[in-house]
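Participant: Have a look at this one before I ask anything.
The values are calculated or read from the model by the stated rules, or taken from the named source; none is laboratory data. Here the structure is a predicted model, which means the values were calculated and not measured. With ideal geometry, Cβ positions are generated from the backbone for all residues, glycine too; neighbour counts draw on all protein chains shown.
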Amino acid sequence: MRVLVLGASGQLGSDIVRLWSGQVEVIPAVRSDADVTDAEAVRRLVASARPDVVVNTTAFHNLPVCEQEPLRTFEVNAVGGRNVALAAREAGAALVQFSTDYVFDGSKRAPYVESDARRALNVYGTSKIATEDLVLQAHPGALVVRVSGLFGLAGSAGKGGNFVETMLRLAREGQPIRVVADQVTAPTNTAEIAEGLLPLVESGMTGVVHLAAAEGCSWADFAEAIFQLCGLRPDFRRVTSEEFGGPVVRPKYSVLGSERVAPLRHWRLGLERYLREKGHIPA
Ligand SMILES: NC(=O)c1ccc[n+]([C@@H]2O[C@H](COP(=O)([O-])OP(=O)(O)OC[C@H]3O[C@@H](n4cnc5c(N)ncnc54)[C@H](OP(=O)(O)O)[C@@H]3O)[C@@H](O)[C@H]2O)c1
């Protein structure tokens, strides 16, 4: 199986490339190979790679910037996703497109499943709803994979690092740390997504599926687990979203469950694995 991975420099893309190599033939592609907003460049790239599967991990997801730049957000996520979907369909390739827990509004208090109604609270989430719809229109056999709270060895290209590294840096600099305790999600190690996804792709699964760590926690709980596992005792305070402020409205609850697949391992195991592989705690 030949797999073309778009966004191969990102945290999820790089883990898919790293962990699928050797099991399938992986062709990594980055922005300089094709900007996803350029339909013709995407078509040329996909046609020349002759993949069996195209995996699109690209996104514009710096949420405060998305609020300021809705046009660019929709151009990269929704139009870019459609460009990739059209090119994959034309080349006769299967397609995997990533989406987010932020397509939900957080009014539920049990894990969101695939058939739950979407209602996004911010520009980014709304652009990903449009992405899901445009991708499935352009390529009805696509697999749309909703994931949540990603952290991976490469760090998010679009966000400049990841939550774990930000917490460790602030703690080591001795800075006061304030983290929201009223936003609950399932922080997920991108390596665990990469490993969980391959069998689904090999089985030919289509439609929407949720792939996230088992159990949810607040960002404050997650931060405390990072500090505890790394033996750090920073100046830390749990705050509400209102106290934290900021331009982006986020769902208070966005844990992903599934009607279709088993959850990945507990978020804490994914975190321990990340900290070990990154060298923050002993192997
Ligand atoms: N991070 C999260 O917490 C999270 C949560 C839920 C869902 N997701 C979704 O999961 C997927 C992967 O996220 P991630 O955290 O791995 O992202 P990431 O690390 O920011 O990587 C995104 C990749 O997309 C590339 N890219 C951005 N704009 C592009 C364009 N116009 N043309 C071509 N490439 C472009 C980036 O390339 P450059 O390096 O050149 O910018 C980068 O390689 C995305 O669909 C995201 O929406 C993420």
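Participant: So for segment 88-98 (the condition being under 16 Å from the mean Cα position of the chain (by Cα), near the ligand (Cβ under 9 Å from one of its atoms) and crowded, with 18+ Cβ neighbours inside 10 Å), does at least one residue qualify?
Facilitator: yes
Participant: Let me ask something additional. Going by the structure shown, is Phe60 within 14 Å of the ligand (Cβ to nearest atom) and crowded, with 24+ Cβ neighbours inside 10 Å? Lay out the reasoning, then the answer.
Facilitator: Numbers: within 14 Å of the ligand (Cβ to nearest atom): yes; crowded, with 24+ Cβ neighbours inside 10 Å: no.
When the stated conditions are applied, Phe60 does not pass them.
Participant: So, one more: From the list Pro51, Pro28, pick out the single residue that is farther than 29 Å from Ala120 by Cβ and surrounded by 24 or more Cβ atoms within 10 Å (Cβ to Cβ).
Facilitator: On the way: Pro28 fails: surrounded by 24 or more Cβ atoms within 10 Å (Cβ to Cβ).
Testing whether each residue is farther than 29 Å from Ala120 by Cβ and surrounded by 24 or more Cβ atoms within 10 Å (Cβ to Cβ) leaves just Pro51.
Participant: Looking at this structure, is Met205 assigned to a loop (DSSP other than H, G, I, E, B) and touching a strand residue (DSSP E or B) at 6+ places or on another chain (Cβ under 8 Å)?
Facilitator: For Met205, the condition - assigned to a loop (DSSP other than H, G, I, E, B) and touching a strand residue (DSSP E or B) at 6+ places or on another chain (Cβ under 8 Å) - is met.
Participant: Pairs only if they're at least six apart or on different chains, beta carbon under 7 angstrom, first in segment 239-261 and among the aliphatic types (A, V, I, L, M), second in a helix (DSSP H, G or I); list them, first residue then second.
Facilitator: Val248/Leu63; Val248/Pro64; Val248/Glu67; Leu256/Asp101; Val261/Leu200
Participant: Taking segment 231-283 as the search range and keeping residues that are assigned to a loop (DSSP other than H, G, I, E, B) and among the β-branched types (Val, Ile, Thr), which one is farthest from Thr166 (Cα to Cα)?
Facilitator: Quick first cut of segment 231-283, residues assigned to a loop (DSSP other than H, G, I, E, B) only: 231-235, 240, 245-252, 254-255, 257-263, 278-283.
Narrowing the set further to residues that are among the β-branched types (Val, Ile, Thr) leaves 240, 248-249, 255, 261, 281.
Numbers: Thr240: 19, Val248: 19, Val249: 21, Val255: 22, Val261: 31, Ile281: 16 Å.
Among those that are assigned to a loop (DSSP other than H, G, I, E, B) and among the β-branched types (Val, Ile, Thr), it is Val261.
Participant: Determine whether segment 127-144 contains at least one residue that is within 11 Å of the ligand (Cβ to nearest atom) and either in a loop (DSSP other than H, G, I, E, B) or surrounded by fewer than 18 Cβ atoms within 10 Å (Cβ to Cβ) (or both).
Facilitator: Looking for residues that are within 11 Å of the ligand (Cβ to nearest atom) and either in a loop (DSSP other than H, G, I, E, B) or surrounded by fewer than 18 Cβ atoms within 10 Å (Cβ to Cβ) (or both), one finds none in segment 127-144, hence no.
Participant: Within segment 241-261, is even one residue within 17 Å of the chain's Cα centre (by Cα), farther than 20 Å from Asn62 by Cα, at pLDDT below 95 and crowded, with 16+ Cβ neighbours inside 10 Å?
Facilitator: No, segment 241-261 has no match at all.
Participant: Right, next: Exactly one condition in (1) under 17 Å from Glu259 (Cα atoms); (2) away from the ligand (no atom under 12 Å from the Cβ) is false for Glu202; which is it?
Facilitator: Glu202 satisfies all of (1) under 17 Å from Glu259 (Cα atoms); (2) away from the ligand (no atom under 12 Å from the Cβ) except (1).
Participant: Now a separate question. How about segment 165-188: which of its residues are within 11 Å of the ligand (Cβ to nearest atom) and either surrounded by fewer than 19 Cβ atoms within 10 Å (Cβ to Cβ) or closer than 16 Å to Gly10 by Cα (or both)? Don't jump to the end; show me each part of the working.
Facilitator: To start, the set of residues in segment 165-188 that are within 11 Å of the ligand (Cβ to nearest atom) comprises 185-188.
The answer is Thr188, and nothing else.
Participant: Can you list residue pairs whose Cβ atoms sit under 8 Å apart, with the first residue in segment 121-149 being within 19 Å of Gly257 (Cβ to Cβ) and the second being buried (at least 24 other Cβ atoms within 10 Å of the Cβ) and of a type in the set (Lys, Arg)? Count only pairs 6 or more apart in sequence or on different chains.
Facilitator: Qualifying pairs under 8 Å: none.
Participant: Note down all Cβ pairs under 9 Å where the first residue falls in segment 40-53 and is closer than 15 Å to Glu25 by Cβ, the second is modelled with pLDDT of 95 or more and among the basic types (Lys, Arg), and they're at least six residues apart or on different chains.
Facilitator: Close Cβ pairs (under 9 Å, with a partner that is modelled with pLDDT of 95 or more and among the basic types (Lys, Arg)) amount to Ala49/Arg2; Arg50/Arg2; Pro51/Arg2; Asp52/Arg2; Val53/Arg2.
Participant: When residues of segment 1-24 are filtered for being within 13 Å of the ligand (Cβ to nearest atom) and not basic (Lys, Arg), how many remain? Before the answer, list the steps.
Facilitator: Residues of segment 1-24 within 13 Å of the ligand (Cβ to nearest atom): 4-18.
If we keep only those that are not basic (Lys, Arg) too, we end up with 4-17.
Looking only at that region, the number is 14.
Participant: For the structure I just gave you, tell me whether Glu192 is buried (at least 16 other Cβ atoms within 10 Å of the Cβ), at pLDDT 95 or above and assigned to a helix (DSSP H, G or I).
Facilitator: So Glu192 fits the description; yes.
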